Amino acid sequence: MAVALESTSAKQHRLGELREFLMSRRARVSPAEAGLPDGGARRRTPGLRREEVAVLAGVGVSWYQWLEQGRDITVSPQVLDSVARVLRLSPAERRHLYVLAALNPPALEAAPEDRDMCHGLRRLIDAWMPFPAHIMDQYWNTVMYNDAAAIVMGMRPEIVQNCLIAFFTDPLYRSRSTRWEEIAPKVVAQFRSACSECPDDEGFRAVVEEAKEVSPEFAELWERRDILPGGQNRKEMEHPLVGTLVVEATQLRVPARPDLVIVMHTPLPEADTAEKLEWLVSPEGRRGAMYPVAG
(Lines give C-alpha, C1' and ligand atoms only; values in the text may rest on other atoms or scores of the structure.)
Protein backbone atom coordinates (compact mmCIF):
# COMPACT_ATOMS: atom_id res chain seq x y z
CA MET A 1 0.00 0.00 0.00
CA ALA A 2 2.82 2.41 0.84
CA VAL A 3 4.43 1.85 -2.55
CA ALA A 4 1.14 2.58 -4.35
CA LEU A 5 0.65 5.79 -2.36
CA GLU A 6 4.19 6.86 -3.12
CA SER A 7 3.69 6.16 -6.83
CA THR A 8 0.51 8.22 -6.87
CA SER A 9 2.22 11.09 -5.09
CA ALA A 10 5.13 11.02 -7.50
CA LYS A 11 2.76 11.00 -10.46
CA GLN A 12 0.82 13.96 -9.11
CA HIS A 13 4.05 15.85 -8.58
CA ARG A 14 5.24 15.09 -12.13
CA LEU A 15 1.94 16.18 -13.71
CA GLY A 16 1.99 19.33 -11.61
CA GLU A 17 5.47 20.11 -12.84
CA LEU A 18 4.31 19.45 -16.41
CA ARG A 19 1.48 21.95 -15.97
CA GLU A 20 3.72 24.68 -14.57
CA PHE A 21 6.43 24.05 -17.15
CA LEU A 22 4.09 24.29 -20.14
CA MET A 23 2.43 27.43 -18.78
CA SER A 24 5.79 29.12 -18.22
CA ARG A 25 7.07 28.19 -21.69
CA ARG A 26 3.84 29.34 -23.35
CA ALA A 27 3.98 32.68 -21.57
CA ARG A 28 7.40 33.53 -22.95
CA VAL A 29 6.55 33.04 -26.66
CA SER A 30 5.10 36.17 -28.21
CA PRO A 31 2.48 35.99 -30.95
CA ALA A 32 4.89 37.69 -33.32
CA GLU A 33 7.50 34.97 -32.70
CA ALA A 34 4.84 32.39 -33.53
CA GLY A 35 3.80 34.24 -36.68
CA LEU A 36 0.51 35.50 -35.26
CA PRO A 37 -0.94 39.02 -34.89
CA ASP A 38 -0.46 40.28 -31.34
CA GLY A 39 -4.01 41.56 -30.90
CA GLY A 40 -2.87 44.92 -29.53
CA ALA A 41 -4.18 46.17 -26.21
CA ARG A 42 -7.03 43.66 -26.25
CA ARG A 43 -4.60 40.82 -25.52
CA ARG A 44 -4.48 40.10 -21.80
CA THR A 45 -2.70 36.73 -21.91
CA PRO A 46 1.11 36.96 -21.79
CA GLY A 47 2.57 34.99 -24.64
CA LEU A 48 0.43 32.53 -26.54
CA ARG A 49 -3.05 31.34 -25.64
CA ARG A 50 -3.67 27.63 -25.18
CA GLU A 51 -5.88 27.59 -28.25
CA GLU A 52 -3.11 29.13 -30.33
CA VAL A 53 -0.57 26.54 -29.22
CA ALA A 54 -3.00 23.77 -30.10
CA VAL A 55 -3.68 25.13 -33.59
CA LEU A 56 -0.03 25.79 -34.34
CA ALA A 57 0.95 22.33 -33.09
CA GLY A 58 -1.82 20.64 -35.06
CA VAL A 59 -3.49 19.06 -32.04
CA GLY A 60 -6.96 19.30 -30.58
CA VAL A 61 -7.67 22.31 -28.38
CA SER A 62 -9.22 20.16 -25.65
CA TRP A 63 -6.30 17.72 -25.76
CA TYR A 64 -3.75 20.49 -25.28
CA GLN A 65 -5.79 22.02 -22.46
CA TRP A 66 -5.85 18.64 -20.71
CA LEU A 67 -2.09 18.29 -21.23
CA GLU A 68 -1.39 21.68 -19.72
CA GLN A 69 -3.82 21.06 -16.90
CA GLY A 70 -1.73 18.05 -15.93
CA ARG A 71 -4.39 15.45 -16.66
CA ASP A 72 -3.30 11.86 -17.02
CA ILE A 73 -3.69 11.51 -20.79
CA THR A 74 -1.87 9.52 -23.47
CA VAL A 75 0.84 11.41 -25.36
CA SER A 76 3.13 10.49 -28.23
CA PRO A 77 6.63 11.66 -29.17
CA GLN A 78 5.31 13.16 -32.42
CA VAL A 79 2.77 15.34 -30.62
CA LEU A 80 5.26 16.42 -27.96
CA ASP A 81 7.72 17.40 -30.68
CA SER A 82 5.03 19.56 -32.30
CA VAL A 83 4.32 21.27 -28.99
CA ALA A 84 8.06 21.72 -28.36
CA ARG A 85 8.45 23.34 -31.79
CA VAL A 86 5.64 25.83 -31.16
CA LEU A 87 6.94 26.68 -27.69
CA ARG A 88 10.47 27.08 -29.11
CA LEU A 89 11.96 24.68 -26.58
CA SER A 90 15.70 24.16 -26.42
CA PRO A 91 17.07 20.60 -26.73
CA ALA A 92 17.36 20.42 -22.93
CA GLU A 93 13.82 21.72 -22.44
CA ARG A 94 12.49 19.23 -25.01
CA ARG A 95 14.07 16.36 -23.07
CA HIS A 96 12.57 17.78 -19.87
CA LEU A 97 9.13 17.82 -21.49
CA TYR A 98 9.49 14.15 -22.41
CA VAL A 99 10.45 13.26 -18.83
CA LEU A 100 7.50 15.16 -17.37
CA ALA A 101 5.19 13.42 -19.85
CA ALA A 102 6.59 10.02 -18.76
CA LEU A 103 8.14 9.21 -22.15
CA ASN A 104 11.67 8.05 -22.87
CA PRO A 105 13.57 11.27 -23.58
CA PRO A 106 15.31 11.80 -26.93
CA ALA A 107 19.09 11.74 -27.22
CA LEU A 108 20.92 14.73 -25.84
CA GLU A 109 21.71 17.48 -28.34
CA ALA A 110 23.95 20.50 -28.12
CA ALA A 111 22.06 23.77 -28.17
CA PRO A 112 23.26 26.30 -30.79
CA GLU A 113 24.38 28.72 -28.09
CA ASP A 114 26.66 26.05 -26.60
CA ARG A 115 28.52 25.35 -29.84
CA ASP A 116 31.25 27.85 -28.92
CA MET A 117 32.23 25.95 -25.77
CA CYS A 118 35.31 24.60 -27.54
CA HIS A 119 37.31 27.63 -26.41
CA GLY A 120 36.62 26.75 -22.79
CA LEU A 121 37.30 23.07 -23.40
CA ARG A 122 40.63 23.98 -25.00
CA ARG A 123 41.53 25.87 -21.81
CA LEU A 124 40.50 22.80 -19.79
CA ILE A 125 42.78 20.33 -21.55
CA ASP A 126 45.65 22.83 -21.70
CA ALA A 127 45.29 23.33 -17.95
CA TRP A 128 45.63 19.54 -17.56
CA MET A 129 49.25 19.79 -18.71
CA PRO A 130 51.70 18.18 -18.19
CA PHE A 131 49.30 15.25 -18.42
CA PRO A 132 47.81 14.10 -21.75
CA ALA A 133 44.24 15.02 -22.61
CA HIS A 134 42.20 15.08 -25.80
CA ILE A 135 38.63 15.65 -26.94
CA MET A 136 36.74 13.62 -29.51
CA ASP A 137 33.27 13.83 -31.02
CA GLN A 138 30.56 11.18 -30.81
CA TYR A 139 32.22 9.18 -33.59
CA TRP A 140 35.58 9.39 -31.80
CA ASN A 141 36.99 11.80 -34.37
CA THR A 142 39.71 13.91 -32.80
CA VAL A 143 38.57 17.47 -32.06
CA MET A 144 41.63 18.73 -30.18
CA TYR A 145 44.47 17.53 -27.98
CA ASN A 146 47.07 19.13 -25.73
CA ASP A 147 50.84 19.06 -26.18
CA ALA A 148 51.28 16.19 -23.71
CA ALA A 149 48.99 13.97 -25.79
CA ALA A 150 51.15 14.70 -28.82
CA ILE A 151 54.42 14.03 -26.99
CA VAL A 152 53.33 10.97 -25.03
CA MET A 153 50.73 9.26 -27.21
CA GLY A 154 51.91 10.39 -30.62
CA MET A 155 48.76 12.30 -31.56
CA ARG A 156 49.66 14.35 -34.64
CA PRO A 157 48.02 15.87 -37.71
CA GLU A 158 49.36 13.40 -40.24
CA ILE A 159 47.62 10.29 -38.84
CA VAL A 160 43.98 9.28 -39.27
CA GLN A 161 42.00 11.69 -37.12
CA ASN A 162 39.73 9.06 -35.62
CA CYS A 163 40.77 7.66 -32.25
CA LEU A 164 39.30 4.20 -32.88
CA ILE A 165 40.96 3.73 -36.27
CA ALA A 166 44.24 5.27 -35.11
CA PHE A 167 44.26 2.87 -32.15
CA PHE A 168 44.40 -0.04 -34.57
CA THR A 169 46.50 1.46 -37.37
CA ASP A 170 49.03 3.92 -35.92
CA PRO A 171 52.32 2.02 -35.57
CA LEU A 172 53.80 4.64 -33.24
CA TYR A 173 51.00 4.31 -30.69
CA ARG A 174 51.00 0.53 -30.88
CA SER A 175 54.78 0.37 -30.41
CA ARG A 176 54.48 2.40 -27.22
CA SER A 177 51.51 0.55 -25.73
CA THR A 178 52.73 -2.41 -23.69
CA ARG A 179 49.20 -3.72 -23.00
CA TRP A 180 47.65 -3.05 -26.40
CA GLU A 181 46.16 -6.56 -26.81
CA GLU A 182 44.51 -6.31 -23.39
CA ILE A 183 43.04 -2.86 -23.99
CA ALA A 184 41.83 -3.45 -27.56
CA PRO A 185 38.72 -5.52 -26.63
CA LYS A 186 37.68 -2.86 -24.11
CA VAL A 187 38.11 -0.06 -26.65
CA VAL A 188 35.94 -1.88 -29.21
CA ALA A 189 33.29 -2.72 -26.59
CA GLN A 190 33.15 0.93 -25.51
CA PHE A 191 32.75 2.08 -29.11
CA ARG A 192 29.94 -0.44 -29.65
CA SER A 193 28.27 0.93 -26.52
CA ALA A 194 28.45 4.44 -28.01
CA CYS A 195 26.99 3.09 -31.27
CA SER A 196 24.10 1.45 -29.43
CA GLU A 197 22.88 4.85 -28.24
CA CYS A 198 22.29 5.88 -31.88
CA PRO A 199 21.45 2.67 -33.76
CA ASP A 200 20.37 4.45 -36.97
CA ASP A 201 23.31 6.87 -37.17
CA GLU A 202 25.16 6.51 -40.46
CA GLY A 203 28.22 8.21 -38.99
CA PHE A 204 28.88 5.31 -36.63
CA ARG A 205 28.33 2.80 -39.40
CA ALA A 206 30.87 4.58 -41.61
CA VAL A 207 33.54 4.43 -38.90
CA VAL A 208 32.88 0.74 -38.27
CA GLU A 209 33.08 -0.13 -41.97
CA GLU A 210 36.33 1.77 -42.40
CA ALA A 211 37.82 0.14 -39.30
CA LYS A 212 36.86 -3.31 -40.62
CA GLU A 213 38.58 -2.60 -43.92
CA VAL A 214 41.87 -1.44 -42.44
CA SER A 215 42.11 -3.78 -39.43
CA PRO A 216 41.29 -7.51 -39.32
CA GLU A 217 41.91 -7.30 -35.57
CA PHE A 218 39.10 -4.78 -35.19
CA ALA A 219 36.80 -6.87 -37.39
CA GLU A 220 37.37 -9.92 -35.17
CA LEU A 221 36.76 -7.99 -31.95
CA TRP A 222 33.68 -6.25 -33.37
CA GLU A 223 32.02 -9.60 -34.07
CA ARG A 224 32.22 -10.46 -30.37
CA ARG A 225 29.48 -7.87 -29.77
CA ASP A 226 30.79 -7.01 -26.33
CA ILE A 227 29.43 -3.88 -24.65
CA LEU A 228 31.18 -1.69 -22.08
CA PRO A 229 30.25 1.84 -21.00
CA GLY A 230 32.87 4.50 -21.52
CA GLY A 231 34.75 4.75 -18.27
CA GLN A 232 38.38 4.17 -17.35
CA ASN A 233 41.19 2.26 -18.98
CA ARG A 234 44.60 1.63 -17.51
CA LYS A 235 47.33 2.30 -20.05
CA GLU A 236 50.96 1.28 -19.85
CA MET A 237 53.32 2.81 -22.38
CA GLU A 238 57.01 2.59 -23.11
CA HIS A 239 58.24 6.01 -24.20
CA PRO A 240 61.62 6.11 -26.00
CA LEU A 241 62.89 9.02 -23.88
CA VAL A 242 61.71 8.20 -20.35
CA GLY A 243 60.75 4.52 -20.38
CA THR A 244 57.64 3.15 -18.69
CA LEU A 245 54.58 5.37 -18.18
CA VAL A 246 51.41 4.21 -16.41
CA VAL A 247 48.28 6.33 -16.71
CA GLU A 248 44.54 6.00 -16.23
CA ALA A 249 42.38 7.28 -19.11
CA THR A 250 38.99 8.59 -17.99
CA GLN A 251 36.17 9.54 -20.35
CA LEU A 252 34.16 12.58 -19.27
CA ARG A 253 31.10 14.26 -20.75
CA VAL A 254 29.83 17.82 -20.52
CA PRO A 255 25.99 17.82 -20.47
CA ALA A 256 25.83 20.98 -22.60
CA ARG A 257 27.97 19.30 -25.28
CA PRO A 258 26.76 15.68 -25.38
CA ASP A 259 28.40 15.30 -28.79
CA LEU A 260 31.87 15.54 -27.23
CA VAL A 261 33.91 13.23 -25.00
CA ILE A 262 36.85 14.52 -22.95
CA VAL A 263 39.58 11.96 -22.26
CA MET A 264 41.87 12.87 -19.36
CA HIS A 265 44.97 10.81 -18.61
CA THR A 266 45.95 10.75 -14.95
CA PRO A 267 49.38 9.45 -13.91
CA LEU A 268 49.25 6.46 -11.59
CA PRO A 269 51.79 6.23 -8.71
CA GLU A 270 53.94 3.75 -10.61
CA ALA A 271 57.22 4.14 -12.47
CA ASP A 272 57.48 7.81 -11.39
CA THR A 273 55.02 8.59 -14.18
CA ALA A 274 54.06 12.07 -13.00
CA GLU A 275 57.67 13.20 -12.82
CA LYS A 276 58.42 11.73 -16.24
CA LEU A 277 55.44 13.49 -17.79
CA GLU A 278 56.56 16.79 -16.29
CA TRP A 279 60.01 16.31 -17.79
CA LEU A 280 58.67 15.37 -21.23
CA VAL A 281 56.76 18.66 -21.59
CA SER A 282 59.60 20.73 -20.14
CA PRO A 283 61.90 22.68 -22.48
CA GLU A 284 64.62 20.06 -21.98
CA GLY A 285 62.24 17.20 -22.74
CA ARG A 286 60.86 18.96 -25.82
CA ARG A 287 64.39 19.46 -27.14
CA GLY A 288 65.02 15.75 -26.70
CA ALA A 289 61.87 14.93 -28.65
CA MET A 290 63.10 16.96 -31.62
CA TYR A 291 65.68 14.30 -32.45
CA PRO A 292 64.60 11.05 -34.09
CA VAL A 293 64.26 8.24 -31.57
CA ALA A 294 63.11 4.75 -32.47
CA GLY A 295 59.57 3.89 -31.38
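The values are calculated or read from the model by the stated rules, or taken from the named source; none is laboratory data. Worth saying up front: this structure is predicted, and the values here are computed from it rather than measured. Every residue, glycine among them, receives a Cβ derived from its backbone with ideal geometry; neighbour counts consider all protein chains shown. The accessibility values were calculated without ligands, DNA or RNA, using every heavy atom of the protein model including side chains. Shrake-Rupley method; radii C 1.70, N 1.55, O 1.52, S 1.80 Å.
Do you know which residues across region 66-81 are in contact with a Leu (Cβ under 8 Å, 6 or more places away or on another chain) and either hydrophobic (A, V, I, L, M, F, W, C) or under 15 Å from Arg25 (Cβ atoms) (or both)? Leu67, Glu68, Gly70, Ile73, Val75, Leu80 - these are the residues of region 66-81 that are in contact with a Leu (Cβ under 8 Å, 6 or more places away or on another chain) and either hydrophobic (A, V, I, L, M, F, W, C) or under 15 Å from Arg25 (Cβ atoms) (or both).
Residue-wise test of (1) at pLDDT 95 or above; (2) open to solvent by 90 Å² or more (accessible area, probe 1.4 Å).
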position	(1), (2)
Gln190	no, no
Ser193	no, no
Glu202	no, yes
Ala211	yes, no
Pro216	yes, yes
Ala219	yes, no
Arg225	no, yes
Pro240	no, no
Asp259	no, no
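Of all positions in region 229-236, at least one carries a residue that is open to solvent by 50 Å² or more (accessible area, probe 1.4 Å), within 16 Å of Tyr139 (Cα to Cα) and assigned by the TED database to the domain that holds Tyr139.
Residues checked against (1) among the charged types (D, E, K, R); (2) free of Cβ contacts under 8 Å to residues at least 12 places away in the same chain; (3) outside the structural domain of Ala148 (by the TED database):
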position	(1), (2), (3)
Phe191	no, no, no
Cys195	no, no, no
Arg225	yes, no, no
Thr244	no, no, no
Leu252	no, no, no
Trp279	no, no, no
Glu284	yes, yes, no
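Residue-by-condition table, conditions (1) closer than 22 Å to Arg253 by Cα; (2) assigned to a loop (DSSP other than H, G, I, E, B); (3) of a type in the set (A, V, I, L, M); (4) touching a residue at least 40 places away in the same chain (Cβ under 8 Å):
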{"position": "Thr74", "(1), (2), (3), (4)": "no, yes, no, no"}
{"position": "Asp81", "(1), (2), (3), (4)": "no, no, no, no"}
{"position": "His96", "(1), (2), (3), (4)": "yes, no, no, yes"}
{"position": "Ala102", "(1), (2), (3), (4)": "no, yes, yes, yes"}
{"position": "Arg174", "(1), (2), (3), (4)": "no, no, no, no"}
